[in-house]
Amino acid sequence: MADVLARPVAARSRHGWLTRIDPRFRVVAAVAFAVVAVALSSITALVAAMALALALMGAARLPAGPTLKRMAAVDGFIILLVLMLPFTTPGVAAFSIGPLVASWAGIWTAVEIALTANAVILALMALVGTLEPVVMGHALHALRCPERLVQLLMFTIRYLSVLHDEYLRMRAAMRARGFRPATTRHTLRSYGYLVGMMLVRAIERSERILGAMKCRGFAGRFPMLETFRAGRADWIFAAGSALALLGLGGIGWVDAAL
Amino acid sequence: MPLFDLRDIHFAYPGRGEVLKGASLVLEDGERLAITGHNGAGKSTLLRIMVGLLRPDAGTVTAFGQERASEADFVPVRRSAGLVFQDPDDQLFCPTVAEDVAFGPLNLGQSRDEAMAQVDSVLTLLDLMYLRDRITHKLSGGEKRLVTLAAVLAMSPQVLLLDEPTNALDEENEARLVEILEGLPQAMVIVSHDPHFRSRLATRTLRMQDGVLSDPAPKCRHAGG
């Protein structure tokens, strides 16, 4: 009975084998992968890490097209850095555009950063992104993450859609009275009211929620119902992940020694 | 001994005029008391005062035979008097239905297994077992309302305080709610604008006007009940 709760909604069997692995193991594996990938500085090892991330994507049966597109979206944050690095790092000249000279050292650093970022994002999407948010909250709680942070996450999951609906209702009400955004003071002021009203309503709602919680005997502690049970497949996954990460480290070490 | 005895309650929200100006109310066991009145007349305020979420500026609240004044006094009151909020989204804050219904029983110190057994028995009573593992914010309006009722019933209260329970319910869900409430043994205070809902359930009606509660003078033959 209790383990029905452990897997709220997310049908664990619909996707690849990776999605059937215990959420706690997946969170830990994702963090470990990120730490190792960030520590690596050998291009060979990073290419191997990228290959591993792609394999994870396959194991989670994520659709390749949209997933890689989302991964590329994250590159937006580092694109400037990656483009600038070759021209700002001193070293042997590779090519030049006008007065700007790109160095080999800079190019390799840029490739390294791009590979690291993309491999970590991809692994994160495969391992953690496939978790139902609620399940992730439970997994973090089971991993002894600070209770306050888990509660914040859970409340965010719960009330994001309520606040979003409220926002949409207010937007619809504005449009119903002929509001069309333009670059005018009126528009800015109206948006100001909208944001302010959202904040006021959110605070009032939070007070009502606290009242409702007190009515049901809330005394500052959150009882969480979750039971994760690690099976053989989970431990095999853990061992496999550890080996793969050691392998990556090994490649990096050998590469550095050569 | 009445379950609730409120005497001469005065209350004002900060920066606004007095909402309650000497409201009094007695709730006896087995009663289903309906309260009507205009928007903003102070009906919800009164329910909040009954469970100590708001403190009156003057007047006394006696619940289950004892006068209640401090936060500590009201903790046991909230266990025995279940308030069902007007907006279900205020009340359903746990991610899943089972967790939300179990929240009260766990706070009362029940073990996990006891709480889960309680969840199952309440959900079975209300015929809601099919919602057990659903995510609360993905429920429909009618489902949310029934789950909030289940969450309150899970604490086995002696009294139910219902704040506009038919708000945003369609006819079918309202009929279902009436049927469920008719079958419950608890005494109730029902705040409702809906005359037909009141006439189906209420054993007595009070009207909130100008900050006091009084017996209503029926204006049309459909009113009262």
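The values are calculated or read from the model by the stated rules, or taken from the named source; none is laboratory data. Owing to the predicted nature of the structure, the values given are computational and were not obtained by experimental measurement. Here Cβ is always computed from backbone atoms with ideal geometry, including for glycine, and neighbour counts include all displayed protein chains. With ligands, DNA and RNA removed, areas are computed over all heavy atoms of the protein, side chains included. Shrake-Rupley method; radii C 1.70, N 1.55, O 1.52, S 1.80 Å.
Worth a mention:
- In the range A:203-258, the residues that are surrounded by fewer than 17 Cβ atoms within 10 Å (Cβ to Cβ), farther than 29 Å from A:Pro146 by Cβ and β-branched (Val, Ile, Thr): A:Ile236, A:Val254
- Neighbours by Cβ (under 7 Å, 6+ apart or cross-chain): first from the range B:163-177, open to solvent by 70 Å² or more (accessible area, probe 1.4 Å); second among the small types (Gly, Ala, Ser) and part of a helix (DSSP H, G or I): B:Ala168/B:Gly141; B:Asp170/B:Gly142
- Qualifying residues in the range B:147-197 (those that are under 24 Å from B:Asp133 (Cα atoms), touching a helix residue (DSSP H, G or I) at 6+ places or on another chain (Cβ under 6 Å) and of a type in the set (Gly, Ala, Ser)) - the one modelled with the lowest pLDDT: B:Ala168
- Meets criteria (open to solvent by 70 Å² or more (accessible area, probe 1.4 Å) and within 14 Å of another protein chain (Cβ to nearest Cβ)) for B:Thr148: no
- Condition check for A:Gly196: farther than 30 Å from A:Glu132 by Cα, open to solvent by less than 40 Å² (accessible area, probe 1.4 Å), in a helix (DSSP H, G or I) and not assigned by TED's automatic domain parsing to the domain that holds A:Ala119: yes
- The condition of being within 12 Å of chain A (Cβ to nearest Cβ), open to solvent by 50 Å² or more (accessible area, probe 1.4 Å) and under 18 Å from the mean Cα position of the chain (by Cα) holds for only one of B:Gln86, B:Gln91, that being B:Gln86.
- Unmet criterion (only one of (1) open to solvent by less than 30 Å² (accessible area, probe 1.4 Å); (2) not in a loop (DSSP other than H, G, I, E, B)) for B:Thr124: (1)
- Test: residue in the range B:140-154 that is part of a loop (DSSP other than H, G, I, E, B) and within 16 Å of the chain's Cα centre (by Cα): yes
- One residue stands out in the range B:110-126 among those that are of a type in the set (D, E, K, R) and free of Cβ contacts under 8 Å to residues at least 12 places away in the same chain: the one that is nearest to B:Leu153 (Cα to Cα), namely B:Glu114.
- Scan the range B:23-61 for residues that are in a strand (DSSP E or B) and touching a Pro at 6+ places or on another chain (Cβ under 8 Å) and the total you get is 3.
- You will find that of B:Arg68, B:Arg48, the residue that is within 12 Å of another protein chain (Cβ to nearest Cβ) and either crowded, with 21+ Cβ neighbours inside 10 Å or of a type in the set (Lys, Arg) (or both) is B:Arg48 and no other.
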